[in-house]
Amino acid sequence: MNPLLAVDNLCVSFAGQQAVNDVSFELNAGECLALVGESGSGKSVTARSLLGLSGGTVSAEKLMVCQEDALTLTEPAWQKIRGSSVVMILQDALMALDPLRPVGREIEDVLKEHGTLNSKARRVQVIEALASVDLPDPERRMKQRSTQLSGGMRQRVLIAQALIGDPQIVIADEATTALDSRLAALVLKQLAALKNEGRAVLMISHDLAQVAQLADRIAVMRAGKIVESGTTEQILNHPQHEYTRTLLRAIPSGVPRFAPLSIKATASEPRQLPPTEPDTTPALVVENLSKSFAKHPAVIEAGFVLPRGSTLGLVGESGSGKTTTARMILGLERPDAGSVTLLGERFVPHSEAARRSLRENIGAIYQNPLGSFDPRYSVGQILTDALSAGRSKRASGYKDQVARLLEQVELDPALSGRNPRELSGGQRQRLAIARALAPEPQVLVLDEPVSALDVSIQATILDLLDRLQQETGTSYLFISHDLSVIEHMSDLVAVMYQGRIVEQGSTAEVFGDPQHEYTRSLLTAMPRLR
Amino acid sequence: MSRTAKILSSLFILFWVLTAFVPALIAPADPLAINPSQAFQAPSGAHIFGTDESGRDVFTRVIHGAGDSLYIGLAATALGMGLALVLGTAAALAPRWLDEVILRVLEALYSVPSLLMALLIIAFTGPGVGPAIVAVGLSTAPGYARLVRSQIRTLKNSEMLEAATVLGRGTWLKVRNHLVPNALQPLLALVTLGIGQAVIWAAALSFLGLGTPPPAPEWGAMLSAGRTYLHLAWWLSFFPGLAIVVVAAGATLIGRALGGKVKAL
Amino acid sequence: MKLLAWLGRKVGGALVVLWLVATAIFIGVRLIPGDPAEAIMGGPGSQASAEALANARSEYGLDLPIISQYFLFLAKLIRLDFGTSYSFKDPVLQIMGEVLPPTINLALMALVVAWLLALLFALLAMRANKVGQLLGNAVEIVAAAVPHFWLGAVLIMLFSSMLGWLPAVANGTPAGLVLPVLTLALPLAGFLTQLMRDSLNTAMGSQFALAARARGESRLTVFRRHGLRHAALPALGLTGWAFSSLLSGAVVVEAIFARPGLGRSLLSAVLARDIPMVTGIALFSALVYIVVMALTEAIERLIDPAGAES
């Protein structure tokens, strides 16, 4: 049997810049191949060149798509293949559907391009396709726009759009990235069904753990090249290449607390906390916090206790109320009811003036730190401003302290003159951490601090946070939608669902013996390698 | 802004400042000197912009007109912008109800088209240079005020200021260190764009005979006077108008380079 | 039900705006130094007869306390009694009925032409190479910086004086409309093109455009199905502003092309300091703006129901 995809020495370049370099692989019907790599590895460009949509200069010794020589295909011939023989499911369902058009029309477009059906027959097919991916009430939903659908519905729509053309090859470009675990599990299930129907599935992902659930073979990409490829079993259990090992090691689930995820991290022997008087007042006590927006409850009676020197992981899907809870704790959002006590002192509700003297004890880290920096400040100025409590942004007098902070978060002191815009995502997050550490706070609220980062970068940041906690004894409120990160980072876990904390306890209890129905469904959906 | 853009912008501004303050440097002749024997000369080496119905040199008059035209434009922008700053900032920082009230008033003022409002004001004050400044200033203020308000509001609700709050910064420090410095650049862009528009509006009033009275060499007034001879001597209207276009387009370019958006004016 | 509530909000908002405009005018008139009766009748230069002044005084209740004057003024407006234009010698309402339609016509035509030109430019810009893009950018900026009164003069020079193709005055024929409409439309087209190109580029580079290409759509189809909507939406949001700037431009254009209309009447009313007439025109143009805004909002809701909700 001829492979559906045969790629030999594929190269793609953009204005002389080589993005994909000598990439070769084959894909058969009923098989799933995963291209795994981090941002900039060229995996998405590779995928797009299989549809003739890379936008760069493509060359290859062989590029066969569905038994056609893709190197000689004309644009009209490509258009015939796209959407019918080969389809692509894009990463973000919200972005991949035109917000101004009803989703039914988007799906119907596939039929318009490829079929001869009249509009009535097309409508029937669209409804069938939506029903086949278990979208409830398809006749109503098809008339709505993507912004009016929930995340889960949008994903189903995307899959329906891919299925309706009855393709031989399905390319899933980061189709599970940034999804809550239950949604990711849904997409994986659908992709598995496609594979079992005899279609070829090419998965593009950065997440080895997720890929492992579906892929027969894995090819690991880095800087435009395939560094290692083999069966899933080989790659996971006997990785040959250094980089594959780095990626595998970076997966946090099942790794004990404080054990390093990155190779660079100095092996941590749990250092003894500085001998302080055993203070038993908790770092943070949150009681009965509630908040509604325009009569819609966002948070309902949330409460937990964060003991000193430990980490409480707050986990939940997007929209579950995690961020609102964090904002109320930080005194940025006024709660309708409830209170927050910081180091035994009342923090919320309180007037901002009264709260200000306590603020040095609590810091915050966000998912995208760039917006929280003054765009006119350099790295050094940001830290000087933090150290001098806003009195100065000039370095004089704070030079040593700035250098120490940069060292503490493992940032090159030479970056001090740069603007944060010029830093990488990982470096920005380190800078944000350094700034938060400047007043030497007792509590850090970390809201999805690693969600926007590549796996290997995420590993180094998590290791850094571990090290800092051991050195300084800071307590963390760690908020994430990613269960594996929460499992690795937390002593205590609180699970949030529809504005309520439905379950909380020690990490071992919650992950080992979940009591609430919702927690169980989350854990089942969570991909595990260890 | 790139280096070249900075140099070009500076040269552009320098040229017009010079023209406005010492026009004799560029055009030494008398803009009001009449010479009937030289009337209606087409552009040539001697009179590069030609001469008008009284034989006055159009180039000299355009250069000497820069002072008046730019003065009205600048003064009107200053007035409009000053008012907008006060109203916009107040609305952005005020409690919700006051914000609503100011917004409503601004919307009401905005609903009367700028030139119509300028004319309305002149109906009360009578024509002249002073009224033209007031008219253009007041009629552009509501638009600016809405922009100032939204800009300051965006800043006020920015993550940057939230981060400063979390770091324990008081209101004064937040305003001094972050709010004001970050608001300045977009405001500068807005002012630059505004000057271009104000020069046009002011010239329009003079063109309609409600601003600078003839025979002063103001661009709009010159254009208006030249209109009578449009079929006979196109250069009388063409060159004063060209000067306006150059100033307005230049201001637009500089404003855009400073990060301004044209659409909202 | 939702529609009714929306309509109610719009009408309520419109009334508030009109009331504010009227109040501003009332205050403006009282701020004029000297005898308000004289001010209403055209200022000191008009030399209104003592009898006319006395009439005005009783009609506007000028011997009453200022608060009563204000309510009298509002009461008259509510009854659509804008008074009699002293310079036209006719009721203001009647004059408005005569001068409003030609101006609205002109502005609407210019709006349509500007939109068509902007769409055409945006489409061309999408296909243009680097030089073409730069050139397009320059044309847009100049177009947006050109004053109506100069553009009108240049167009007359070109097409009337030199080429002799089109009449220089609006003579009521379709050919006489071409130059006035172009004069109004070109600068606006410059603004709109800038806006549309920005949003078009964003839309064509977006994930949903890529998804559409991956479905097998050609670039042109993607432009038609997706690009156009996204390009039109922000420009549509500016229609209220655009229409208002067209009314401003109409004052100038009507003067240049000797076209009867709102602008010219306003100009002569201003020159004669005919306050009742000026008040009427201000209120009507505010009303036009409000109606146009409500209409665009309705269209926006059709294109983007979710976006308009928020």
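Counting only protein chain heavy atoms and rolling a 1.4 Å probe, the accessible areas of A:Val450, B:Val105 rank, largest first, as B:Val105, A:Val450. Accessible area per residue (1.4 Å probe, heavy atoms of protein chains only) ranks A:Ser292, A:Ser229, A:Ser490 as A:Ser229, A:Ser292, A:Ser490, with the largest value leading.
Starting from the alpha-carbon convex hull of segment A:293-428, give the projected area averaged over all orientations, in nm².
Its Cα hull, projected and averaged over all orientations, spans 10.4 nm².
Measuring nothing but how far apart in sequence close Cα pairs (under 8 Å, 6+ apart) lie, relative to its length, chain A scores a relative contact order of 16 percent.
Residue pairs exceeding 21 angstrom between C-alpha atoms, taken from A:Lys322/C:Lys2; A:Lys393/B:Lys6; A:Lys295/C:Lys2; A:Lys43/A:Lys112; A:Lys399/B:Lys174: A:Lys322/C:Lys2; A:Lys393/B:Lys6; A:Lys43/A:Lys112; A:Lys399/B:Lys174.
Determine the order of B:Ile121, C:Ile281 by accessible area, beginning with the largest, at a probe radius of 1.4 Å.
B:Ile121, C:Ile281
Counting only protein heavy atoms and using a 1.4 Å probe, the accessible area of B:Tyr110 comes to about 40 Å². For the chain pair B and A, the buried solvent-accessible surface (1.4 Å probe, both sides summed) amounts to about 1700 Å². Count Lys and Arg as plus one, Asp and Glu as minus one, and take only other residues whose Cβ is under 13 Å from that of A:Arg154; the net charge is then -1. Three semi-axes describe the equivalent ellipsoid of chain A; taken as square roots of 5 times the Cα gyration tensor eigenvalues and ordered largest first, they are 44, 28, 22 Å. If I ignore ligands, DNA and RNA and count only protein heavy atoms, how much of B:Trp235 is accessible to a 1.4 Å probe, in Å² to the nearest 10? B:Trp235 has an accessible surface of roughly 20 Å² with all protein chains in place.
With a 1.4 angstrom probe, the accessible area lost at the B-C interface totals about 4200 Å². Of the residues B:Asp30, B:Asp68, B:Asp57, the one that moves most in a GNM of chain B with alpha-carbon contacts below 10 Å is B:Asp30.
If the viscosity is 1.567 mPa s and the temperature 4 °C, what translational diffusion coefficient in µm²/s does Stokes-Einstein give for segment A:344-406 when Rh comes from Kirkwood over Cα pairs? The calculation lands on 96 µm²/s.
Temperature 4 °C, viscosity 1.567 mPa s: under these conditions the Stokes-Einstein estimate for segment C:180-228, based on its Kirkwood radius over C-alpha pairs, is 108 µm² per second.
Here chain C has 70 percent of its accessible surface on carbon and sulfur atoms, given a 1.4 Å probe and all protein chains in place.
Note on chain C: GNM, Cα springs under 10 Å; of C:Trp241, C:Trp150, C:Trp165, the largest mean-square fluctuation is that of C:Trp165.
For chain A, what does -39500 (n - 2.57) per DSSP helix run (n ≥ 4), summed and divided by total residues, give at 222 nm, in deg cm²/dmol to the nearest 500? Before the final figure, lay out each step's value.
Numbers: 20 runs with 180 residues, N = 530.
Here the helix-only value at 222 nm equals -9500 deg cm²/dmol.
Just want to confirm a number: the relative contact order over segment A:301-366, from Cα pairs under 8 angstrom separated by 6+ residues, in percent. Computed value for segment A:301-366: 20 percent relative contact order.
For the options C:Leu295, C:Leu108, C:Leu186, a Gaussian network treatment of chain C with springs between C-alpha atoms closer than 10 Å singles out C:Leu295 as fluctuating the most. Only protein heavy atoms count here; under a 1.4 Å probe, B:Trp219 has an accessible surface of about 0 Å². Our summary gives segment C:2-92 a relative contact order of 16 percent, counting only alpha carbon pairs under 8 angstrom and 6 or more residues apart. Element breakdown for segment A:404-460 at a 1.4 angstrom probe: carbon and sulfur atoms account for 42% of the accessible area.
Measuring r between the beta carbons of C:Asp90 and C:Val169 and using R0 = 22 Å, the FRET efficiency lands at 0.35. From the largest down, the protein assembly as shown spans 102, 73, 64 angstrom on the principal axes of its Cα atoms.
The values are calculated or read from the model by the stated rules, or taken from the named source; none is laboratory data. Since this is a predicted model, take the numbers as computed values, not measurements. So basically every Cβ, Gly included, is an ideal-geometry build from the backbone, and we count neighbours across all protein chains shown. When the accessible area is computed, the model is the full protein with side chains, heavy atoms only, and any ligands, DNA or RNA have been set aside. Shrake-Rupley method; radii C 1.70, N 1.55, O 1.52, S 1.80 Å.
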